[in-house]
Amino acid sequence: MSIRFEIIKECKKTKARLGKLYTSHGIIDTPVFMPVGTQATVKAMTPRE
């Protein structure tokens, strides 16, 4: 599985970045809140959230 991150824009003052994360499952615009759970253990959120 190949993952690639492309920086679209970077703030010179704070170094904050706007970018895209490319995975085999699709493209994710960043910054983004991405809950991570191992073996499907995200218990506080529904799949729609």
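The values are calculated or read from the model by the stated rules, or taken from the named source; none is laboratory data. Predicted model only: the values in this text are computed from it and were never measured. Every residue, glycine as well, gets a Cβ built from its backbone with ideal geometry; the counts of neighbours run over all protein chains shown.
Counting only residues that are touching a strand residue (DSSP E or B) at 6+ places or on another chain (Cβ under 7 Å) and either farther than 26 Å from residue 49 by Cα or touching a residue at least 60 places away in the same chain (Cβ under 8 Å) (or both), how many does the range 9-23 have?
Summing the residues that are touching a strand residue (DSSP E or B) at 6+ places or on another chain (Cβ under 7 Å) and either farther than 26 Å from residue 49 by Cα or touching a residue at least 60 places away in the same chain (Cβ under 8 Å) (or both) in the range 9-23 gives 2.
Pairs under 9 Å by beta carbon, first residue under 27 Å from residue 6 (Cβ atoms) in the range 24-46, partner in a loop (DSSP other than H, G, I, E, B) and modelled with pLDDT of 80 or more, six or more apart or different chains?
Once the first residue is under 27 Å from residue 6 (Cβ atoms) and sits in the range 24-46, its partners that are in a loop (DSSP other than H, G, I, E, B) and modelled with pLDDT of 80 or more give 24/2; 24/3; 31/16.
For the range 25-49, name all the residues that are exposed (fewer than 10 other Cβ atoms within 10 Å of the Cβ), modelled with pLDDT under 90 and among the small types (Gly, Ala, Ser).
If the condition is that a residue be exposed (fewer than 10 other Cβ atoms within 10 Å of the Cβ), modelled with pLDDT under 90 and among the small types (Gly, Ala, Ser), then 40, 44 are the ones that fit.
Out of the residues in the range 1-24 that are among the aliphatic types (A, V, I, L, M) and modelled with pLDDT of 70 or more, state the one that is surrounded by the fewest Cβ atoms within 10 Å (Cβ to Cβ).
Among them, the one singled out is 3.
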